[in-house]
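Okay, so here's the structure we're looking at.
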Amino acid sequence: MSQQMKKTNIRITVVGLLLALLLVSLDSTILATAVPTIVAKLGGLEQMAWVFSAYLIASVAGMPVFGKLSDMYGRKLFFLTGLILFLLGSGLCGSARTMVELIVYRAIQGIGGGALMPVIFTIIYDIFPPEKRGKMQGLFGAVFGLSSVLGPLAGAFFIDYIHWRWIFFINLPLGFIALLMILLCYHESLGKSKQKIDWAGTAAFIASIVCLMFTLEMGARDYAWNSPFIVGLSALSAILLLLFVWIERKVSDPLVPLSLFKNNLFASSMAIGFLYGMVLMAGASYIPLFVQGVFGGSATNAGTIITPMMIGLVISSVLGGVIVRRTAYRNVMLCSVAFLLTSLCLLCTISAETERWVVTCSMILMGLGIGASYPVTSMAAQHRIEFQQRGTVNSLVRFSQSVGNTMGIVVLGGLQSGYLKRHFAAILPDPTMADRFGNPQVLLQDHVRQTIPPALLGKLTGVLADSISLMFQWAIPIGVLAGVFILLMGKTRMYTLSDVREKKRVSP
């Protein structure tokens, strides 16, 4: 591999990978402030949620598949394939004339994003020696935090000063630069694994995950959780998953080698990524709701509100990647979960009387807790993993985080909304008042808040605060469970080239 790495321009390759990752991670956050304008232009208000859902379903279903294919046929091929699909989808989204077209094109974007996300991190793992991987993984993990802050601001800029279509068109020149950088400057190792494609397992897996994601995305939003459609879709997902496991036990080259789950570090990293993903999405979604709904919605968008959390996430991601060189994976993650649980304990006590600085400190602590998990779980999952399985492993870690994000909204968000509906109904027994003020979104609009009688406004904001506090109370057991999996990681630490040389030196 060293001979191949000499041909790779490491700096330009890293810049190209960072640029591609920034485009993909910005994709959803930049739309947050733009979707209302897009709906106003294209129509289709009832389909608005699918602008996000189509991308998410396509990307999550594709991650493990592209990770496996990159092990078989090379990282570069599927990086370029994913980036071309992402850019194709971006161009089509920018030219969409109806909401249906936009949703279909977003799915194409999602397929490309599902290929790029795991392959980018696998290339980093391939081109850097063990002692530098943590620092680079931390740097790349920090991109997620930055995109959460920059995305809404960039979206607002394009809406206000240019045109909403440039939210998608801007990807084209930047993506083309990233494509040229990797095409010309990255020359990967020839150590590819020639295997048969597990067509049956791939089909069963994709079908199962698509059914699961449709269930999570449509449950309670479009259909009741106990409706025949949702129950049937859930059952079909479970049956297809069992079929997938059965197939994987039989084939010689499975899409997901089940033997990986016997690896303690890999299994623990998957579980931690899933659980942290749940908490992160709850924090990123409901802390802004609390700040805007309870304190009065003075911020222009959610991106500015969660800036403290994302700053903490960026700092922790970089530091975690550096510190992991010096101690066990478990030790870094124990510090991480301590910060996370402290933040959740603070957030579960918030109320309408809570001061703003308390919420800000809680967000910083949550960011510090979650950020370190990006480099550490990725590196721990790939500890002593063979080159031919790195793409598969990396894709599964990203997959677990993405599914965790969705489950966080479904489970924790469901608890919050259920509490809110029950108590809003008790406060607003008059149907006229319920129709006018029963939607918590009215608390985010200053001009509507001013029309609500002060006594009633105090009750409504109090219930909103209590509902979010309740949600974070339920998040504490999730953080504790993550701590259990962290303890199961054992005392294993990163294996560096200096360790290899030392072992050779002391060997007889």
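The values are calculated or read from the model by the stated rules, or taken from the named source; none is laboratory data. Here the structure is a predicted model, which means the values were calculated and not measured. Ideal geometry is used to build each Cβ from the backbone, glycine not excepted, and the neighbour counts take in all protein chains shown. Remember, those area values only see protein heavy atoms, side chains included, never the ligands or the DNA or RNA. Shrake-Rupley method; radii C 1.70, N 1.55, O 1.52, S 1.80 Å.
Report, by residue number, each residue of the stretch 345-402 that is under 14 Å from Ser269 (Cβ atoms) and either of a type in the set (A, V, I, L, M) or outside any helix (DSSP H, G or I) (or both). Once the filter is applied, which keeps residues that are under 14 Å from Ser269 (Cβ atoms) and either of a type in the set (A, V, I, L, M) or outside any helix (DSSP H, G or I) (or both), the stretch 345-402 yields Ala372, Val376, Met379, Ala380, Ala381, Gln382, His383, Arg384, Ile385, Val393, Leu396, Val397. Kindly check whether there is at least one residue in the stretch 246-264 that is under 25 Å from Ala34 (Cβ atoms), in contact with a Gly (Cβ under 6 Å, 6 or more places away or on another chain) and not hydrophobic (A, V, I, L, M, F, W, C). No - not one qualifying residue is present in the stretch 246-264. Here is a check on your reading of the model: is Arg330 over 18 Å from Leu146 (Cα atoms), outside any helix (DSSP H, G or I) and basic (Lys, Arg)? No, not satisfied.
One line per residue, one yes/no per condition, for (1) at pLDDT below 85; (2) open to solvent by 20 Å² or more (accessible area, probe 1.4 Å); (3) closer than 30 Å to Asn264 by Cα:
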{"residue": "Lys421", "(1), (2), (3)": "yes, yes, no"}
{"residue": "Leu443", "(1), (2), (3)": "yes, no, no"}
{"residue": "Gln450", "(1), (2), (3)": "yes, yes, no"}
{"residue": "Gly462", "(1), (2), (3)": "no, no, no"}
{"residue": "Ile468", "(1), (2), (3)": "no, no, no"}
{"residue": "Pro477", "(1), (2), (3)": "no, yes, yes"}
{"residue": "Ser507", "(1), (2), (3)": "yes, yes, yes"}
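Rundown of residues vs (1) closer than 24 Å to Phe140 by Cα; (2) surrounded by fewer than 17 Cβ atoms within 10 Å (Cβ to Cβ), yes/no style:
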| residue | (1), (2) |
| --- | --- |
| Gly320 | yes, no |
| Ile323 | yes, no |
| Arg326 | yes, yes |
| Tyr329 | yes, no |
| Leu340 | yes, no |
| Leu346 | no, no |
| Leu365 | yes, no |
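For the stretch 337-360, residues that are of a type outside the set (A, V, I, L, M, F, W, C), free of Cβ contacts under 8 Å to residues at least 60 places away in the same chain and closer than 23 Å to Leu457 by Cα total 2. Selection of the stretch 251-275 for residues being open to solvent by 10 Å² or more (accessible area, probe 1.4 Å) and within 18 Å of the chain's Cα centre (by Cα) yields Met270, Ala271, Phe274, Leu275. Contact map, the stretch 101-127: first residue more than 14 Å from Ser395 (Cβ to Cβ) and open to solvent by 10 Å² or more (accessible area, probe 1.4 Å), second residue among the aromatic types (Phe, Trp, Tyr) and assigned to a helix (DSSP H, G or I), Cβ cut-off under 7 Å, separation 6 or more or different chains; pairs are Ile103/Trp50; Ala107/Tyr55.
Counting only helices (runs of 4 or more DSSP H) that sit wholly inside the stretch 1-89, those with at least 3 residues that are open to solvent by less than 30 Å² (accessible area, probe 1.4 Å) and either without any contact (Cβ under 8 Å) to a residue 40 or more places away in the chain or farther than 25 Å from Val397 by Cβ (or both) are 35-42. Which residues, taken from the stretch 66-95, are modelled with pLDDT under 90 and either over 26 Å from Thr8 (Cβ atoms) or among the aliphatic types (A, V, I, L, M) (or both)? Listed by number, the residues that qualify are Leu69, Met72. Scanning the stretch 234-284 for residues that are part of a loop (DSSP other than H, G, I, E, B) and not polar (S, T, N, Q) yields Val251, Asp253, Pro254, Leu255, Val256, Pro257. Scanning the stretch 197-229 for residues that are in contact with a helix residue (DSSP H, G or I) (Cβ under 6 Å, 6 or more places away or on another chain) and of a type in the set (A, V, I, L, M) turns up Ala200, Ala204, Ile206, Ala207, Ile209, Val210, Leu212, Met213, Leu216.
Residue-by-condition table, conditions (1) surrounded by 17 or more Cβ atoms within 10 Å (Cβ to Cβ); (2) free of Cβ contacts under 8 Å to residues at least 40 places away in the same chain; (3) farther than 23 Å from Phe52 by Cα:
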site: Ala204; (1), (2), (3): yes, no, yes
site: Met213; (1), (2), (3): yes, no, no
site: Arg221; (1), (2), (3): no, no, no
site: Leu233; (1), (2), (3): yes, yes, no
site: Phe244; (1), (2), (3): yes, no, yes
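Of the residues in the stretch 131-148, none is in contact with a helix residue (DSSP H, G or I) (Cβ under 9 Å, 6 or more places away or on another chain), outside any helix (DSSP H, G or I), within 30 Å of Ile315 (Cα to Cα) and open to solvent by less than 40 Å² (accessible area, probe 1.4 Å). Of everything in the stretch 367-378 that is touching a Phe, Trp or Tyr at 6+ places or on another chain (Cβ under 7 Å), of a type in the set (A, V, I, L, M) and more than 14 Å from Gly490 (Cβ to Cβ), the residue that is surrounded by the most Cβ atoms within 10 Å (Cβ to Cβ) is Ile370. Considering (1) more than 22 Å from Arg390 (Cα to Cα); (2) touching a helix residue (DSSP H, G or I) at 6+ places or on another chain (Cβ under 9 Å), the lone condition that Tyr186 does not fulfil carries the number (1). Taking the conditions (1) modelled with pLDDT of 85 or more; (2) under 30 Å from Leu487 (Cα atoms); (3) of a type outside the set (Asp, Glu); (4) open to solvent by 20 Å² or more (accessible area, probe 1.4 Å) in turn, Ala284 satisfies each one other than (1).
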